[in-house]
Amino acid sequence: MVTELVTSSTGQRAVRKRPRPDQIPEEYLFYLDGEDLFPLLAEAVGAPVAATWRDGDDVIWVAYIDGGSHEVPDYPIDTPEGIRLGLADTLAGNLDRHGNLFAIDGGRRLKGFDHGGSWLEVETGDTGPYLRERQAPMWHFVEGDRWHTDPPLTAAELGRIRDRIAALRPRFEQRGRGAWLDHSADQATC
């Protein structure tokens, strides 16, 4: 993929992602669809991510996050936002949420970005681990099975999340990614 920071004539910035000239659709559509559909899942979960918008089949734009990196030393990753971002990653099988793929915006809010690797497991059969780095949101809930002994969300909250995920079906099927939504819905029933 070619990734470019673009500044409009009004000073607004966004990141444009498009395929390299030598890439074939099978190589880049998976990535662009992940970038396009993950924010919908994240919204259903209540996870904060950078907004994205599609420009045809071959280009996706990502809202620029104006702020610091994840390395802000006093930022607690186990915030409600971090927990929900980790849940969205888990539901999408996002194997690539490491410390460089979330940022702290100017208002000191956590924002995830770069979701192109989501649902890779559905496409390839790769099964994880989902969280490979300790700075990933929700690490301590997965490590040592704390999700079951000290869950960060109630059963009622998870039920509402499942309902919101189910409502996404038309958008996923429009892109031919119904199996991705099935995977996320199955993960949400665990």
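Count of the range 40-61 residues, restricted to those that are touching a Gly at 6+ places or on another chain (Cβ under 9 Å) and under 21 Å from residue 159 (Cα atoms), is 3.
Of the residues making up the range 112-157, those that are part of a helix (DSSP H, G or I), of a type in the set (A, V, I, L, M), surrounded by 16 or more Cβ atoms within 10 Å (Cβ to Cβ) and at pLDDT 55 or above are 120, 122. Here the range 1-57 is the region considered, the condition is being surrounded by 15 or more Cβ atoms within 10 Å (Cβ to Cβ) and more than 19 Å from the chain's Cα centre (by Cα), and the residue that is nearest to residue 83 (Cα to Cα) is 19.
Could you please let me know if residue 2 is β-branched (Val, Ile, Thr), at pLDDT below 95 and touching a Ser or Thr at 6+ places or on another chain (Cβ under 6 Å)? When the stated conditions are applied, residue 2 does not pass them. Can you name every residue in the range 50-89 that is of a type in the set (Ser, Thr, Tyr), at pLDDT 75 or above and not in a loop (DSSP other than H, G, I, E, B)? The answer is 52, and nothing else. Scanning the range 158-184 for residues that are at pLDDT 90 or above, of a type in the set (Gly, Ala, Ser) and assigned to a helix (DSSP H, G or I) gives 166, 178, 179.
The values are calculated or read from the model by the stated rules, or taken from the named source; none is laboratory data. This structure is a prediction, so every number in the text was calculated from the model and none was measured. Quick reminder, even Gly has a Cβ in these numbers, built from the backbone with ideal geometry, and neighbours come from all protein chains shown.
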